[in-house]
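Each reported figure results from applying straightforward, stated rules to the coordinates on display, with no laboratory input. What you see is a predicted model; the values in this text were computed from it and never measured. A quick note on method: Cβ atoms are made from the backbone with ideal geometry, for glycine too, and the neighbour counts reach across all protein chains shown.
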Amino acid sequence: MLLVVAGVGAGGYWYFALRKPHMTPPWVGWFDRAKQFVSKITARTSAPPSPAARRRPAGNAPPAAPPPAAVPPPIRVPQPPPVAVPQPVAQPPAVAASPFARFDRLSDSLSRAVRNFHDRAALFENGRMDCGGLATGLVAMENLWMTYNGERRARMASFDQRRATQDQVMYAAVDSVESRYEHSGCPRP
């Protein structure tokens, strides 16, 4: 019997949750009605007066006042917690972009391209890469070198000592890539 109930439940789940997720299963309403029914049954009602309270006392004494009906305590509805209003985060003051920001990014990218080429050259020398892979690394480095050179010419007059030294190192690194490609024997792309 348990297997049959489990099979029907699984089939209902498959039909309503997986096959037709936009449909509301019919048993959703059943649960609400069952909750209402149970709450009606279990709701507190005033107790009927006891038989002793219904009897009249002997003699001419006035009838005793019936005991007050038990008043159920008021139903407390839980209040939702207060919604926290997010405080605006103070933004740091906008820092003016350095005139060398683009030059520095290009310098970093060109350094990565040079390292990438040297890694490709090592693979080529071990026979794990062909001339096409080596040429791809050279072309990527040369494209960055042309962009770097354009930015370098625009900023060269205001180079500080660190950038001037970095530029000389970059020039030597690009030159080493060119000579290493020439020694590889691969045709120029």
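Some notes on this structure:
- Theoretical FRET efficiency, 1/(1+(r/R0)^6), r = Cβ-Cβ of Tyr171 and Ser98, R0 22 Å, to 0.05: 0.50
- Legend: calculated FRET efficiency, Ala122 to Ala157, from the Cβ-Cβ distance at R0 = 45 Å, rounded to 0.05, equals 0.75.
- Each of the peptides 170-176, 119-125 was scored by the mean count of other Cβ atoms within 10 Å over its residues; in descending order, highest first, they stand as 119-125, 170-176.
- Approximating the spin labels as points 7 Å out from Cα along Cα→Cβ, the Ser109-to-Glu142 distance works out to 1.8 nm.
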